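**Student:** I'd like to ask you about the structure that follows.
The values are calculated or read from the model by the stated rules, or taken from the named source; none is laboratory data. Everything quoted here is computed from the prediction, not taken from an experiment. Glycine also receives a Cβ, built like all others from the backbone with ideal geometry; neighbour counts cover every protein chain displayed. SASA here: full protein model, heavy atoms, side chains in, ligands and nucleic acids out. Shrake-Rupley method; radii C 1.70, N 1.55, O 1.52, S 1.80 Å.
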Amino acid sequence: MMKIEVTSIQILRLVLGFMISVTVAYITASITQSLFVLDGLKGVGADISTSVYLQTIWHDIYGLSWGGYTSYGRNILLAFAVAMPVASLVCHFMKMPKSLIFPLAGSVAMATLLFVVKVNYFYNMDFYAGTRSYFGYLSQLFAGALGGLTFTLITRKSS
Amino acid sequence: MSYDVLPVRRLFFFVSFILIGMLVTPWINADQIPKYQTENLVEGLNDPYAFVFLPDGDILLTEKTGKLRIIRDGVLLSQPVNGLPEMFIDGKYCGLFDVVLHPRFEENHYIYLSFTFGRKDANATRVARARYVDGRLDDVTTVFTGFPLKDTINGPAGHLTFLPDETLLITVGDGFRYREKAQDLESMLGKVVRITDDGKIPLNNPFINKAGDRSPVWTYGHRISLGILYDPVTNTIYEHENGPKGGDELNILKPGKNYGWPIATYGVDYSGAYVSPFQDYPNTEKPIVDWTPSIAPAGITQCRGCLWSEWEGDLFIGMLAGQHVRRVRVDNGVATHQEVLFKEMGERIRNVQFGPDGALYVMIESIGNSRVIRIEPLS
């Protein structure tokens, strides 16, 4: 009875950890995407106030979550659904630290996602405009790493 | 008592509504019956893009695959025009685009072709002038090459129209990845440029570049413009451009003006995120028509003495995604009326032209069945 209870908590923690890590990755990715787009507009003379920043960030968090095959939210969810279990296996069998492997898996998930969308759906063009620059692209990998790290922190066993 | 009456009253209104609907529906349908007839002019085209009528009755037609074809007496000649300049063709976006005649074509036989030049990782929109004689091009000269070279194949644009002073307007796309360059006057991306018929920069162009020279830029802040037209009667230049997800525009161009892209747009990015949070912005020109969601305008012509006298002066714009021809009436710079035409054909319209006979010629882009059809009103 006790064993079943512990397993349920573990499953709950895994599911919760997964959902929160996807949310963290998505929101970070969306916000940084917006910031790089706005930075591009500022670079050509647009005056962007704080309220416009906030309005854009809010709009894009919503806007990027829709769109069928190209929904950023959906794609991050799918990418993490593959990356996190694979990272788990790597940690288990290769005895590697979770705090390294899960963030790395998050980054790889984002890189793969961006590549697949670019090649399959968009004639080899950057589908998410905020990823056009080198640092814009890195910011998305960072978002993935942050998601992976969140997953590690939530699912780690309490000592 | 009121409980008894109410359902009866509702039933009465419901039945009345249905009856009125039945009476009105045939009238609406009758009005929508196409009052025109079509005939296929030519079929079997391969990625057609633009066409132009020659004074001798022939039609020159471009295929994006890099061929300039001749239609003579309603027949597509198997032998394409020889002597075309070198161009970059990628099978999707890049290749041969527009063809226009010099305003004094009958005297000098000059035609102008727009196309992509370079290679996949370094290309640009280029315009060449050539003398068209006896089905071949001679004396081919480059009159414009966009700069800087770009490493994207998307959105090259390259549509042409002559002004009465024999200067040539050229639409140049923003290069897709480089949309902010549409606001950079040192770059030709996202611009309408103006050159003389031999490729020089007119002295009355509105901008001077950083080097202190006159710039080819005539207007800026454009995305991908697949149609530009000069109306000699009202001395107006119309240009339409494709937005991303929404934000297709019809603009009236005035020299030196900023048309906003990407700072001001009614569209959002394909991803659903903002291209810009601004739909309009100080010192940018608003379109006279915004089409959101996108219908992908491609090609523009105007009824001047066409077979539909009631449409005199109206603009006709082909729609790729919208799969129709859009009639737009503009009065004093304001679009006052729009009508969807030929929607029932269900075809992607790549270009439109009124012929010398006043009929509307519509270029249809369809896999395996691209063609040009001739449309005239039912007498």
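**Student:** In this structure, does B:TYR220 turn out to be open to solvent by 20 Å² or more (accessible area, probe 1.4 Å), in contact with a helix residue (DSSP H, G or I) (Cβ under 8 Å, 6 or more places away or on another chain) and either closer than 18 Å to B:LEU160 by Cβ or not hydrophobic (A, V, I, L, M, F, W, C) (or both)?
**Tutor:** yes
**Student:** Residues of region B:102-126 being in contact (Cβ under 8 Å) with a residue 60 or more places away in the chain and either surrounded by fewer than 18 Cβ atoms within 10 Å (Cβ to Cβ) or aliphatic (A, V, I, L, M) (or both), which ones?
**Tutor:** Correct list: B:PRO103, B:ARG104, B:ALA124.
**Student:** With the requirement that a residue be touching a helix residue (DSSP H, G or I) at 6+ places or on another chain (Cβ under 6 Å) and more than 9 Å from chain A (Cβ to nearest Cβ), what does region B:232-286 give you?
**Tutor:** Listed by number, the list holds a single entry, B:TRP261.
**Student:** Looking at this structure, is B:PHE144 touching a Pro at 6+ places or on another chain (Cβ under 9 Å), under 21 Å from B:PHE53 (Cβ atoms) and crowded, with 16+ Cβ neighbours inside 10 Å?
**Tutor:** no
**Student:** B:GLY135 versus (1) at pLDDT 95 or above; (2) more than 25 Å from the chain's Cα centre (by Cα): which is the lone unmet condition?
**Tutor:** The single condition B:GLY135 does not satisfy is (1).
**Student:** Identify, by number, the condition in (1) within 14 Å of chain A (Cβ to nearest Cβ); (2) in contact with an Asp or Glu (Cβ under 6 Å, 6 or more places away or on another chain); (3) surrounded by 21 or more Cβ atoms within 10 Å (Cβ to Cβ); (4) not hydrophobic (A, V, I, L, M, F, W, C) that B:GLY173 doesn't meet.
**Tutor:** With respect to (1) within 14 Å of chain A (Cβ to nearest Cβ); (2) in contact with an Asp or Glu (Cβ under 6 Å, 6 or more places away or on another chain); (3) surrounded by 21 or more Cβ atoms within 10 Å (Cβ to Cβ); (4) not hydrophobic (A, V, I, L, M, F, W, C), B:GLY173 is out only on (2).
**Student:** Search region B:229-254 for residues being of a type in the set (S, T, N, Q) and open to solvent by 10 Å² or more (accessible area, probe 1.4 Å), and hand back the single one that is farthest from B:VAL334 (Cα to Cα).
**Tutor:** B:ASN242
**Student:** Another question about this same structure. I'd like the full set of residues that are touching a residue at least 24 places away in the same chain (Cβ under 8 Å), open to solvent by 20 Å² or more (accessible area, probe 1.4 Å) and touching a helix residue (DSSP H, G or I) at 6+ places or on another chain (Cβ under 9 Å), limited to region B:30-68.
**Tutor:** B:PRO34, B:THR38, B:PRO55
**Student:** Could you list, in sequence order, all residues of region A:134-159 that are within 14 Å of chain B (Cβ to nearest Cβ) and open to solvent by 50 Å² or more (accessible area, probe 1.4 Å)?
**Tutor:** A:TYR134, A:TYR137
**Student:** Give region A:32-63 a look and list any residue that's away from chain B (no Cβ under 11 Å) and free of Cβ contacts under 8 Å to residues at least 40 places away in the same chain, or say none.
**Tutor:** Scanning region A:32-63 gives a single hit, A:THR50.
**Student:** For residues in region B:361-379 being out of contact with any Gly (no Cβ under 9 Å at 6 or more places or on another chain) and over 16 Å from B:TYR49 (Cα atoms), which is most open to solvent (accessible area, probe 1.4 Å)?
**Tutor:** Within region B:361-379, the match that is most open to solvent (accessible area, probe 1.4 Å) is B:SER379.
**Student:** From the list B:ILE71, B:ILE89, pick out the single residue that is in contact (Cβ under 8 Å) with a residue 12 or more places away in the chain and part of a strand (DSSP E or B).
**Tutor:** B:ILE71
**Student:** Does A:SER21 satisfy being away from chain B (no Cβ under 14 Å), assigned to a helix (DSSP H, G or I) and either within 16 Å of the chain's Cα centre (by Cα) or hydrophobic (A, V, I, L, M, F, W, C) (or both)? Break it down into steps so the answer makes sense when it comes.
**Tutor:** Numbers: away from chain B (no Cβ under 14 Å): yes; assigned to a helix (DSSP H, G or I): yes; either within 16 Å of the chain's Cα centre (by Cα) or hydrophobic (A, V, I, L, M, F, W, C) (or both): yes.
Yes, satisfied.
**Student:** Here's a check for you: in region B:255-287, which residue that is over 30 Å from A:GLY68 (Cβ atoms), of a type in the set (Ser, Thr, Tyr) and without any contact (Cβ under 8 Å) to a residue 60 or more places away in the chain is surrounded by the most Cβ atoms within 10 Å (Cβ to Cβ)?
**Tutor:** Result: B:TYR259.
**Student:** If you don't mind, another one. Would you mind listing the strands (runs of 3 or more DSSP E) fully within region B:141-234 where at least 1 residues are under 23 Å from B:ASN108 (Cα atoms)? Give the derivation first.
**Tutor:** Details: elements: B:157-162, B:168-172, B:191-195, B:217-220, B:224-231.
Ranges flagged: B:157-162, B:168-172, B:191-195, B:224-231.
**Student:** Still on this structure: Of the conditions (1) within 28 Å of B:ASN204 (Cβ to Cβ); (2) modelled with pLDDT of 95 or more, B:PRO156 clears all except one; give me its number.
**Tutor:** Unmet for B:PRO156, out of (1) within 28 Å of B:ASN204 (Cβ to Cβ); (2) modelled with pLDDT of 95 or more: (2).
**Student:** Continuing with the same structure: Looking at region B:214-242, I want the residues that are farther than 21 Å from B:ALA264 by Cα and have a partner that is modelled with pLDDT of 95 or more and not in a strand (DSSP E or B) with Cβ atoms under 6 Å, at least 6 apart or on another chain. Which pairs are those?
**Tutor:** These pairs meet every condition: B:ARG214/B:ILE201; B:ARG214/B:ASN205; B:SER215/B:PHE207; B:PRO216/B:ILE201; B:TYR230/B:LEU163.
**Student:** Right, another one. If you scan region A:112-133, which residues turn out to be open to solvent by 20 Å² or more (accessible area, probe 1.4 Å) and assigned to a helix (DSSP H, G or I)?
**Tutor:** Answer for region A:112-133, where residues must be open to solvent by 20 Å² or more (accessible area, probe 1.4 Å) and assigned to a helix (DSSP H, G or I): A:THR112, A:PHE115, A:VAL116, A:LYS118, A:VAL119, A:ASN120, A:TYR121.
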